[in-house]
Each structure stands twice: as C-alpha cells, then as structure tokens.
Amino acid sequence: MQFLDPANVAGQVLLRLTARGSAIIAELLRLSAHIPPVFKLEDKATQQKYGQILLDFSYVSKAEVYEARIEKNPVRSDSLHRLLQNFTIYIHKPSLEHSFSELPCTFGDLLF
C-alpha cells in the first residue's frame, strides 16, 4: 500500500498534520509582521515602562517570581493592566488557537 493512498490512515493523518503545521507557521509569520511597537521595546522610554512586565520564555520557569515582582509594584501592575486592555486582541488570536485545537491528534499519540 502506498503511503499517500486514501486508505492508508497513517498517511492521511500525516498529511493533515503537515498541512495544519504549515498553516500554523504561515499564521505565525503573518502575525510576526504586525507586532505592535510597544512589544518590541525599541526605545528607552518603552523599555523603562514595560521592560519589567513584557517577559521572554524565562517566565515559564520562574512565573511566581515575576508575578510577585509585578504585583508588589503598583506602577508595574497598572502598566500591565493597561497593556492587557489595549492589546488583548493581539494576545488572544482566535485563528491560531483554532489551528491548534483542530490537530487530528497530539504529538504523544504519534509517538506511541
């Protein structure tokens, strides 16, 4: 049986997974071209105002530390709330969330 034969379930799942992955990458590339300037921290004033609340992936391993820092400082907390109010539409992009939710299976399912 050919790998891409319509009767080959593994081949069809791989095709759907590959197509969905390509769509996700295309969406990420499109979104990366439209990042609001405040998130890039390009100038000194923006860095001082938002540098302590716009975090990189180190946040994942030290979430409690960063959250405590922000909550202790009312200026940072206020800046975070204003940032979330103004840019929530960019942070929660439905089309990207939809792309992940429609994957035919999880990566764990593919490995085992």
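FYI, it's all coordinate maths here, none of it is from the lab. All figures in this text were calculated on a predicted structure; none of them were measured in a lab. We place every Cβ from the backbone using ideal geometry, glycine too, and count neighbours over all the protein chains shown.
Apply the Karplus curve 6.51 cos²θ - 1.76 cosθ + 1.60, θ = phi - 60°, to the phi angles in region 20-37 and return the couplings in whole Hz, x for Gly and Pro.
Each residue's phi maps through the Karplus curve to give 5, x, 5, 5, 5, 4, 4, 5, 5, 5, 5, 5, 5, 7, 10, 6, x, x Hz.
How high is the FRET efficiency from Arg82 to Glu27, r the C-beta distance, R0 41 Å, rounded to 0.05?
Here the calculated transfer efficiency is 0.95.
Loop only per DSSP, at most 13 neighbouring Cβ atoms within 10 Å: give me the GluC sites (Glu not before Pro) in region 26-81, ordered by residue number.
When the GluC sites (Glu not before Pro) of region 26-81 are filtered for loop state and at most 13 Cβ neighbours within 10 Å, Glu42 remain.
Figure the gain on full extension for Asp43 and Phe3 (residue separation times 0.36 nm, minus the Cα-Cα span) and round it to one decimal in nm.
9.1 nm
Answer with one residue from Leu54, Asn86, Pro74: the one whose Cα lies farthest towards the positive end of the charge dipole of region 42-92, charges on Cβ with Lys, Arg +1 and Asp, Glu -1.
Ranked along the dipole, the leading option is Pro74.
Region 11-92: which chymotrypsin sites (Phe, Trp or Tyr not before Pro) are DSSP loop and have at most 15 other beta-carbon atoms within 10 angstrom?
When the chymotrypsin sites (Phe, Trp or Tyr not before Pro) of region 11-92 are filtered for loop state and at most 15 Cβ neighbours within 10 Å, Phe57 remain.
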